[in-house]
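Following: one structure in structure tokens, then a few remarks.
The values are calculated or read from the model by the stated rules, or taken from the named source; none is laboratory data. Just so it is clear, the model here is predicted, and its values are computed rather than measured. Cβ placement follows ideal geometry from the backbone for every residue including glycine, while neighbour counts extend to all protein chains displayed. Surface accessibility is based on the protein's heavy atoms, side chains included, excluding ligands, DNA and RNA. Shrake-Rupley method; radii C 1.70, N 1.55, O 1.52, S 1.80 Å.
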Amino acid sequence: MTQQPTDDTPDAPTPRPPRGSKIDTTTPHSARVWNYWLGGQDHYPVDREVGDAYRKQFPGIDAIAKASREFLARAVRYLVQDGGIRQFLDVGTGLPTHDNTHQIAQRYAPDARIVYVDHDPLVLLHAEALLTSTPQGSTTYLEADLHDPAAVLAGALTPVGPLSRAAPIALILSDVLGHVPDHDTARDVVRRLVDGLPPGSYLMICHGTTESPDAALAAQDAYNSSGAIPYIPRTRDQIRDLFGGLELVAPGLVPVPDWRPAIGPAAITPGAGLGAIARIPR
């Protein structure tokens, strides 16, 4: 595991908020803490403090973040190569880091079109890093709220683009639904988004689970009391329920390291979230 810089490390990354921005650097921010665990640069001392406290209780959190990111990469590759998908709707994208959805998709299909959706002003400030694209494809950022599926769909699927209803779309919900604490609300959000997609589309969900070790769940409880937006793990049955009865592609709902590992047996990552992909019938 890579050693992360701490607050008293001279070269600890501390980005300067843009002039006139409304970024709160005194309260921990879930996207920045996640970025810290992934080894990114977009975090502040308050985020590192909370991230280090979580790591002290459960040292495996860095590996969990990495496993989630690797699952995203394998899932997008599957959707492009096996599913024939060329349109992606990534909702709750978070801060850009290594191998974002558009980079993975366009690596295998240069004509892929990606729409990132988030309503966080911090993510908006970093949107330019998400808007690179191959000449054949496109990458767009949409400011909209996961809790308003109608606005997400209206902004992403329009007669002139950026995504078209004439072809299937992959809906990416990676580690975002835990920020919707009420299960019925989370399920309804997913259902409304899926109902607005063309036939033959796909749904990918990655979600933290209550099957995690006790130390991880205790660290999550402490994190949820830190002032950051809480993240609520769900049971396996609850995560399966978010797919709304859709048929999952093999291997189904599994710990993310076990979802089609790229080379050889999956790495053992205690506490890793559960992930799956489902296909929306034509």
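Quick one: T140 ticks every box in (1) surrounded by fewer than 15 Cβ atoms within 10 Å (Cβ to Cβ); (2) polar (S, T, N, Q); (3) not in a helix (DSSP H, G or I) bar one, so which box is it?
The one condition T140 does not meet is (1).
Filter segment 119-132 down to residues that are open to solvent by 20 Å² or more (accessible area, probe 1.4 Å) and in contact (Cβ under 8 Å) with a residue 12 or more places away in the chain and give me whichever is nearest to A156 (Cα to Cα).
Quick first cut of segment 119-132, residues open to solvent by 20 Å² or more (accessible area, probe 1.4 Å) only: 119-121, 124-126, 128-129, 131-132.
Then drop every residue that is not in contact (Cβ under 8 Å) with a residue 12 or more places away in the chain, which leaves 119-121, 124-126, 129, 132.
On the way: H119: 14, D120: 17, P121: 19, L124: 16, L125: 20, H126: 19, A129: 19, T132: 17 Å.
Result: H119.
Applying the selection to segment 228-244, what residues are open to solvent by 50 Å² or more (accessible area, probe 1.4 Å) and not charged (D, E, K, R)? Full working, then the answer.
First, pick out the residues of segment 228-244 that are open to solvent by 50 Å² or more (accessible area, probe 1.4 Å): 229-230, 232, 235-238, 240-241, 244.
Scanning segment 228-244 gives I229, P230, I232, T235, Q238, G244.
Could you please give the count of residues in segment 93-111 that are open to solvent by less than 20 Å² (accessible area, probe 1.4 Å) and within 15 Å of C206 (Cβ to Cβ)?
4
Provide a single number: the residues in segment 262-282 that are touching a residue at least 12 places away in the same chain (Cβ under 8 Å) and exposed (fewer than 15 other Cβ atoms within 10 Å of the Cβ).
Start the filter on segment 262-282 by keeping residues that are touching a residue at least 12 places away in the same chain (Cβ under 8 Å), which leaves 262, 267, 269-282.
If we keep only those that are exposed (fewer than 15 other Cβ atoms within 10 Å of the Cβ) as well, we get 262, 267, 270, 281-282.
Total meeting the criteria: 5.
Return the residues of segment 66-120 that are in contact with a Ser or Thr (Cβ under 8 Å, 6 or more places away or on another chain), part of a helix (DSSP H, G or I) and of a type in the set (A, V, I, L, M); say none if nothing qualifies.
Within segment 66-120, A67, L72, V76 qualify.
Okay, residues lined up against (1) among the aliphatic types (A, V, I, L, M); (2) surrounded by fewer than 19 Cβ atoms within 10 Å (Cβ to Cβ); (3) over 19 Å from the mean Cα position of the chain (by Cα):
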{"position": "I23", "(1), (2), (3)": "yes, yes, yes"}
{"position": "H29", "(1), (2), (3)": "no, no, no"}
{"position": "W34", "(1), (2), (3)": "no, no, no"}
{"position": "D42", "(1), (2), (3)": "no, no, no"}
{"position": "V46", "(1), (2), (3)": "yes, no, yes"}
{"position": "R55", "(1), (2), (3)": "no, yes, yes"}
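Determine, yes or no, whether A156 is surrounded by fewer than 16 Cβ atoms within 10 Å (Cβ to Cβ), among the small types (G, A, S) and on the phi < 0 side of the Ramachandran plot. Full working, then the answer.
Numbers: surrounded by fewer than 16 Cβ atoms within 10 Å (Cβ to Cβ): no; among the small types (G, A, S): yes; on the phi < 0 side of the Ramachandran plot: yes.
No: the conditions fail for A156.
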